[in-house]
Structure formats: structure tokens, C-alpha cells
1. Between residues in the stretch 98-118 that are of a type in the set (G, A, S) and residues that are part of a loop (DSSP other than H, G, I, E, B) and surrounded by fewer than 17 Cβ atoms within 10 Å (Cβ to Cβ), which pairs lie under 9 Å by C-beta distance while being six or more apart or on different chains?
2. Taking the condition of being surrounded by fewer than 16 Cβ atoms within 10 Å (Cβ to Cβ), under 21 Å from the mean Cα position of the chain (by Cα) and of a type in the set (G, A, S), how many residues in the stretch 60-84 meet it?
3. For the stretch 15-39, how many residues are under 25 Å from K104 (Cα atoms), not in a loop (DSSP other than H, G, I, E, B) and not hydrophobic (A, V, I, L, M, F, W, C)?
4. Within the group K37, K7, K3, K55, which residue is within 18 Å of K117 (Cβ to Cβ), at pLDDT 95 or above and either of a type in the set (V, I, T) or surrounded by fewer than 16 Cβ atoms within 10 Å (Cβ to Cβ) (or both)?
5. H92 passes all but one of (1) in contact with a Lys or Arg (Cβ under 8 Å, 6 or more places away or on another chain); (2) within 24 Å of L25 (Cβ to Cβ); (3) in a strand (DSSP E or B); which number fails?
6. Of all residues in the stretch 41-59 being in contact (Cβ under 8 Å) with a residue 40 or more places away in the chain and under 13 Å from the mean Cα position of the chain (by Cα), which is nearest to E28 (Cα to Cα)?
7. Looking at V12, V76, V82, can you tell me which residue is closer than 17 Å to K117 by Cβ, touching a helix residue (DSSP H, G or I) at 6+ places or on another chain (Cβ under 9 Å) and not in a helix (DSSP H, G or I)?
8. From the residues in the stretch 40-52 that are assigned to a helix (DSSP H, G or I) and charged (D, E, K, R), which one is surrounded by the most Cβ atoms within 10 Å (Cβ to Cβ)?
Amino acid sequence: MVKEQVKQVKAVARTIRISPQKLNLVAETIRGLKVNKALDQLTFSRKRVAGDVKKLLTSAIANAEHNFGMDIDTLVVLEAYVGKAMVMKRWHAAAKGSGHRIMKPFSNLTIVVGEAKAEKKAKKAPAKKAAKKETTKKEAA
């Protein structure tokens, strides 16, 4: 079987100041969605990082339109994945002269958009009308 190659365009944001686990929650919400629905999802999301993800998605859309001449209406978010970046380590003073470690993680986000495959709508067979019961002479009597 030969798979069709779908044009893909990606945009990458490095060192976003949020943990990968939290960023992945937002990335999950847009995976597989059409681009306009994904933008709506991010616009009304209550997560702090949704603004950064939206900015990156609009960048990926602009790359697809400007560099490859793709139609915006057919674009779909094919992939949205998160990776670890650096971790800043800080110290917080604690009781009895000790200290506690504070980890401040960063993340990388990659969004891949591509054109959706044209889905063929299957023709529905015409609905069969319910056959009327023919009453026989025995049932009528």
C-alpha cells in the first residue's frame, strides 16, 4: 500500500516557562482539530499558557500560507507535542538554617499543521418504506 504524502508545516517554540506536564494538557486539546476550531479552543481556554500556544499556532498557519501557499480553510493540527527543556534550580530558605530546592522547568512545544484529506461522503441508500401488513382473510375474521 502506498500512503499519500501530506504536506506538513511546523513551528517550534523553545524554552516556554511552564512545566511540560501542564503544557501537554493544553496541547492535547488542539490535537487533530481544524485550525479555526483550535484557535477558538485556545482563545477561550482558562490556562495561562494558552496564549503562547495560540501564538505558535498562528505562526504555523502563517508559515503554511506564506511559504507553501496552502489553503487556511483546509489546515488541520496534525501533531502538537511537548518536550523538556532546561530546569532552573533555586534555593528557598527553610527552618534551622536549611534550604529547600525549587525547580523551575521550561518546555519546548512543536506544532505541525497540514492539509486535511478530502473526505468522500458515502452515499446513503434510500430509506426503505415500511411494508404494510397485508391482512389475510383468516386474520380479518
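The values are calculated or read from the model by the stated rules, or taken from the named source; none is laboratory data. Since the structure is predicted, the reported quantities are computational estimates derived from the model, not experimental observations. As a convention, Cβ positions derive from the backbone with ideal geometry for all residues, glycine included, and neighbour counts pool all protein chains shown.
1. Correct list of pairs: S107/R17; G114/V6; G114/K7; A116/V6.
2. So the answer is 2.
3. Going through the stretch 15-39 one residue at a time, the tally reaches 7.
4. Sole residue among the options that is within 18 Å of K117 (Cβ to Cβ), at pLDDT 95 or above and either of a type in the set (V, I, T) or surrounded by fewer than 16 Cβ atoms within 10 Å (Cβ to Cβ) (or both): K37.
5. Among (1) in contact with a Lys or Arg (Cβ under 8 Å, 6 or more places away or on another chain); (2) within 24 Å of L25 (Cβ to Cβ); (3) in a strand (DSSP E or B), H92 violates only (2).
6. Among residues in the stretch 41-59 that are in contact (Cβ under 8 Å) with a residue 40 or more places away in the chain and under 13 Å from the mean Cα position of the chain (by Cα), the one nearest to E28 (Cα to Cα) is V53.
7. Just one listed residue meets the conditions, V76.
8. D52
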